[in-house]
Amino acid sequence: MKNAELQKCVVGMVLALAMSAHAEDFPPEQIKLGGDTYSRHCAPCHGVRMKNPEGAFDLTKFPKDQESRFRNSVTKGKNSMPPWESLLKPEEIDALWAYVVAGEKQ
Amino acid sequence: MKSVMVGMALGAMLGTGALAQTQQELTRDGNGGSTDNVLTYGMGYHQQRYSKLDQINKSTVKRLVPIWSTSLANEYGEQGQPFVYDGTMYAANVKRVVAMDVGTGRIKWNFDIEWDPAVPRVVCCGLNNRGVALFDGKVYVAAIDANVYALDAKTGKQLWKSKIAEWKDGYSITGAPSVVNGIVMSGMTGGEFGVRGFIVGLDAQTGKEVWRRHTTPDPTEKAYSTWPQDDSYKRGGASTWITGSYDPELDLSYWGTSNGGPWTWKARPGDNLWVASVIAIRPKTGEIVWHYQWTPAETYDFDGNNENVLGELTLNGTKRKVLMHADRNGLLYVLDRTTGEVLAGNPYVKTNWATGVDLKTGRVVETDVAKRLRAGEQVEVEPRWTGGKNWMPMAFNPGTEKLYFSMLEETAIYQLNKELPEYKPGERYMGVTNTTKDRDTSKPWGYWGAVLPMTGKPAWRTPLMDLPSWSGAMVTAGGLVFTGNTAGDFAALDEASGKILWQFKTPSGVNSQPITYTYKGKQYVTVFSGLGGGTSAKRETAGKVLPAGTVWTFALMD
């Protein structure tokens with residue numbers, strides 16, 4: 001591998017790591033709000049505490065570097081999931097992302 | 001000229017007549033009427049799902065083959081029952097109503113049911129539609145967004161649309177309407193969203209609301225004494241999501257009601273009439289003539305909506321007009337349908353919250369499981385909230401006096417939350433924490449079975465080891481029980497033994513309602529294929545069955 005390619009590769013990896021969300025990125029109160037929002041609106045299909053989803057996507061497997069995909073699915077809907085943007089407040093959607101990333105041991 | 005005009009007028013009348021189902025035809029459907037038609041939900045107002053046809057029987061069924069299949073272009077699941085009148089079949093799902101030629105399966109018209117994509121937020125358990133109603137040249141269908149439509153049966157053109165509730169407040173409809181004496185009755189659903197249940201009666205010609213019977217009482221009614229003396233009845237559930245049966249002689253329609261709202265009983269201490277009950281109502285007025293509560297103080301999500309099948313049973317040597325009902329709560333009930341007196345109530349699957357019904361008091365006998373749950377403990381509940389039987393309708397053979405249906409056996413881990421849920425219109429209103437106990441894979445998911453109404457005991461039971469069945473059943477004078485499973489197998493079982501005599505793999509899960517009828521003198525069988533209609537389907541099939549709605553019609557190979 002040439003130096004320039006190696007450099008590109010390292011930069012890419014660093015960027016990917018930097019863009020991937022981590023638990024420490026979110027304050028505990030935001031994770032808690034996300035957990036409350038989740039249990040009210042999401043748990044019936046995605047499972048209590050994201051365990052044993054009955055018929056929906058297993059959110060413990062949601063890629064942590066795809067925040068925009070998550071937000072798009074929640075707001076606009078995806079497959080059988082309806083759009084939630086007219087019901088959930090922006091801070092609740094932020095909190096849901098925090099909960100999905102950091103809310104449960106995975 | 002005059003005679004030509006009279007002839008034309010007569011022709012027009014006859015032409016209209018051929019498309020206009022009369023009340024007499026509805027009353028005689030599955031009850032001595034033409035076998036060319038299937039006009040009512042349940043193959044008769046009694047909902048027996050029994051056919052006297054026997055061309056397809058234990059000997060000939062091996063020659064049963066598909067003669068046509070038609071796409072319904074729907075990925076949400078097919079729970080519906082097909083309806084047939086005068087050579088046209090009507091199929092409904094959450095997205096559309098389709099009219100097809102019975103002989104060829106070719107589509108005559110398609111009516112798209114439009115709804116806001118956010119509506120599924122207020123639908124707990126799948127985007128379903130279980131069928132239409134036919135009367136007087138019209139096709140009636142209830143939409144998921146709580147509108148009822150009347151369509152011209154010949155063209156599919158919309159004649160009227162009647163909004164019976166606001167979906168944004170948590171109301172939706174999944175059941176088929178029913179027409180009796182010019183009144184279109186429709187139930188609704190939303191028991192997970194703090195709704196107040198009701199049945200409406202609409203004028204069949206105009207869609208105008210004639211009556212509305214709420215299924216929780218207001219403070220002026222006697223039954224209000226079973227509620228806290230506040231306004232909790234306004235969010236108390238008791239939705240009405242399965243079509244009521246009807247006895248024309250007694251002029252009573254029998255509707256089941258759902259779980260209470262919220263799920264936790266701590267928010268509404270009391271028996272909570274008419275939650276988890278059957279109510280016998282007058283179709284003309286909506287008046288409740290009698291009621292019986294399957295699950296007093298309901299807090300398990302034991303909806304009492306399952307169909308109420310009307311038939312006659314020989315009890316102590318005499319025939320008695322009864323109502324039979326296999327409840328989500330695990331008990332099989334027989335009631336005198338004239339008075340509402342309970343004649344039997346026994347477990348038909350593993351049931352740990354109750355032992356049966358005390359026939360002296362008419363009340364269910366609870367075990368300590370129910371008491372510990374109400375006291376706040378986490379308990380294992382059998383059956384799981386999905387019930388020993390869910391919506392998938394059973395069949396009753398008046399000759400053998402047995403019931404045929406798919407049973408489920410799973411266990412819930414269930415606890416009432418310490419904090420009561422906050423009510424917000426159109427949002428979940430539950431207040432419990434419920435999960436499913438890991439399955440012991442050496443045990444079946446459930447059974448196909450023949451059950452004795454008075455005891456709940458099986459005449460036979462076929463364990464379903466790899467996949468459960470969420471399919472309705474149908475029984476015929478040919479000695480066959482037709483049913484299906486989530487893998488998509490549509491099967492004919494020997495009514496006497498449960499042995500599988502024939503099966504056909506459809507493209508997706510069979511969780512619908514088969515029918516049989518005649519076309520040009522030949523017996524046909526039709527069923528919908530299309531996995532869906534529940535929150536458990538993906539878990540149960542482990543992603544190995546994919547959705548797609550299709551209609552399948554079968555006949556004997558010549």
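The values are calculated or read from the model by the stated rules, or taken from the named source; none is laboratory data. Given the structure is predicted, the values throughout are model-derived calculations rather than measurements. Using ideal geometry, Cβ is built from the backbone for each residue, glycine included, and neighbour counts are taken over all protein chains shown.
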Checklist entry - Do any residues in the range B:213-234 that are within 15 Å of B:GLY170 (Cβ to Cβ) have Cβ atoms under 6 Å from those of residues that are part of a helix (DSSP H, G or I) and modelled with pLDDT of 95 or more, where the two are at least six apart or on different chains, and which pairs are they? => result B:THR216/B:TYR233
Checklist entry - Taking the range B:437-462, which residues are more than 23 Å from the chain's Cα centre (by Cα) and under 14 Å from B:GLY388 (Cα atoms)? => result B:PRO444
Checklist outcome for this item: (1) farther than 27 Å from B:THR243 by Cβ; (2) crowded, with 20+ Cβ neighbours inside 10 Å all hold for B:TRP448 apart from (1)
Checklist outcome for this item: The correct count of residues that are surrounded by fewer than 24 Cβ atoms within 10 Å (Cβ to Cβ), in contact (Cβ under 8 Å) with a residue 60 or more places away in the chain and among the charged types (D, E, K, R) in the range B:68-120 is 2
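Name the residue, out of B:LEU556, B:LEU531, that is surrounded by 18 or more Cβ atoms within 10 Å (Cβ to Cβ), of a type outside the set (Ser, Thr, Tyr) and under 17 Å from B:GLY472 (Cβ atoms). If you could, list the steps in order and put the result at the bottom.
Working: B:LEU556 fails: under 17 Å from B:GLY472 (Cβ atoms).
Testing whether each residue is surrounded by 18 or more Cβ atoms within 10 Å (Cβ to Cβ), of a type outside the set (Ser, Thr, Tyr) and under 17 Å from B:GLY472 (Cβ atoms) leaves just B:LEU531.
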Checklist entry - Of all the helices (runs of 4 or more DSSP H) wholly in the range A:1-100, which have at least 1 residues that are closer than 21 Å to B:THR435 by Cβ, at pLDDT 95 or above and not acidic (Asp, Glu)? => result A:28-41
Item to check | Selected residue (criterion: nearest to the chain's Cα centre (by Cα)) from residues of the range A:79-93 that are more than 9 Å from every other protein chain (Cβ to nearest Cβ) and free of Cβ contacts under 8 Å to residues at least 12 places away in the same chain | outcome: A:PRO90
Next on the checklist: I'm told B:CYS124 meets every condition in (1) within 14 Å of another protein chain (Cβ to nearest Cβ); (2) modelled with pLDDT of 95 or more except one. Can you identify the failing condition by its number?
Outcome noted: (2)
Checklist entry - crowded, with 24+ Cβ neighbours inside 10 Å and at pLDDT 95 or above: does that describe B:ASN181? => result no
Checklist entry - Are any residues in the range B:349-362 within 7 Å of B:LEU331 (Cβ to Cβ) and hydroxyl-bearing (Ser, Thr, Tyr), and if so, which ones? => result B:THR351
Checklist entry - With respect to the numbered conditions (1) within 27 Å of B:ALA267 (Cα to Cα); (2) hydrophobic (A, V, I, L, M, F, W, C); (3) crowded, with 24+ Cβ neighbours inside 10 Å, which one is the sole condition not fulfilled by B:PHE198? => result (3)
Checklist outcome for this item: Given the conditions (1) of a type outside the set (Gly, Ala, Ser); (2) within 14 Å of chain A (Cβ to nearest Cβ); (3) touching a strand residue (DSSP E or B) at 6+ places or on another chain (Cβ under 6 Å); (4) surrounded by fewer than 17 Cβ atoms within 10 Å (Cβ to Cβ), every one holds for B:THR455 apart from (2)
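Kindly indicate which of B:LYS499, B:LYS505, B:LYS544 is surrounded by fewer than 24 Cβ atoms within 10 Å (Cβ to Cβ) and within 14 Å of chain A (Cβ to nearest Cβ).
Details: B:LYS499 fails: within 14 Å of chain A (Cβ to nearest Cβ); B:LYS505 fails: within 14 Å of chain A (Cβ to nearest Cβ).
The conditions single out B:LYS544.
Does B:PRO425 qualify as being surrounded by fewer than 23 Cβ atoms within 10 Å (Cβ to Cβ), within 14 Å of chain A (Cβ to nearest Cβ) and part of a loop (DSSP other than H, G, I, E, B)? Give the derivation first.
Details: surrounded by fewer than 23 Cβ atoms within 10 Å (Cβ to Cβ): yes; within 14 Å of chain A (Cβ to nearest Cβ): yes; part of a loop (DSSP other than H, G, I, E, B): yes.
Yes; evaluated as a whole, the condition is true for this residue.
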Item to check | Condition check for B:LEU250: in a loop (DSSP other than H, G, I, E, B), in contact with a helix residue (DSSP H, G or I) (Cβ under 8 Å, 6 or more places away or on another chain) and under 21 Å from B:LEU323 (Cα atoms) | outcome: no
Checklist entry - What are the pairs, 6+ residues apart or on separate chains, where a residue within the range B:421-447 that is modelled with pLDDT of 95 or more has its Cβ under 6 Å from a residue that is of a type in the set (Gly, Ala, Ser) and assigned to a loop (DSSP other than H, G, I, E, B)? => result B:PRO421/B:GLY431; B:TYR423/B:GLY194; B:GLY426/B:GLY170; B:TYR429/B:GLY194; B:TYR429/B:GLY261
Checklist entry - Which residues, counting only those in the range B:397-413, are in a strand (DSSP E or B), more than 20 Å from the chain's Cα centre (by Cα) and more than 11 Å from chain A (Cβ to nearest Cβ)? => result B:ALA412
Item to check | Filter result for the condition that a residue is over 21 Å from B:MET43 (Cβ atoms) and away from chain A (no Cβ under 14 Å), over B:ALA92, B:ALA150 | outcome: B:ALA150
Checklist entry - Assuming B:THR462 fulfils every condition listed in (1) assigned to a loop (DSSP other than H, G, I, E, B); (2) closer than 30 Å to B:LYS505 by Cα; (3) β-branched (Val, Ile, Thr) apart from one, which condition is it? => result (1)
Item to check | Members of the range B:144-153 that are over 20 Å from B:VAL210 (Cβ atoms) and assigned to a loop (DSSP other than H, G, I, E, B) | outcome: B:ILE144, B:ASP145, B:ALA153
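Inspect the range B:515-522 for any residue being more than 25 Å from B:ILE144 (Cα to Cα) and polar (S, T, N, Q) and give the result as yes or no. Give the steps one after another, and end with the answer.
So the first thing to find is which residues in the range B:515-522 are more than 25 Å from B:ILE144 (Cα to Cα), and the list is B:516-522.
In the following step, the residues that additionally are polar (S, T, N, Q) were identified as B:516, B:518.
Yes; the residues of the range B:515-522 include at least one that is more than 25 Å from B:ILE144 (Cα to Cα) and polar (S, T, N, Q).
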Item to check | Sole exception among (1) touching a helix residue (DSSP H, G or I) at 6+ places or on another chain (Cβ under 8 Å); (2) at pLDDT 95 or above for B:ASP358, by number | outcome: (1)
Next on the checklist: Looking at B:ARG268 and the list (1) free of Cβ contacts under 8 Å to residues at least 60 places away in the same chain; (2) in contact with a Ser or Thr (Cβ under 7 Å, 6 or more places away or on another chain); (3) under 23 Å from B:VAL184 (Cβ atoms), which single condition is not satisfied?
Outcome noted: (3)
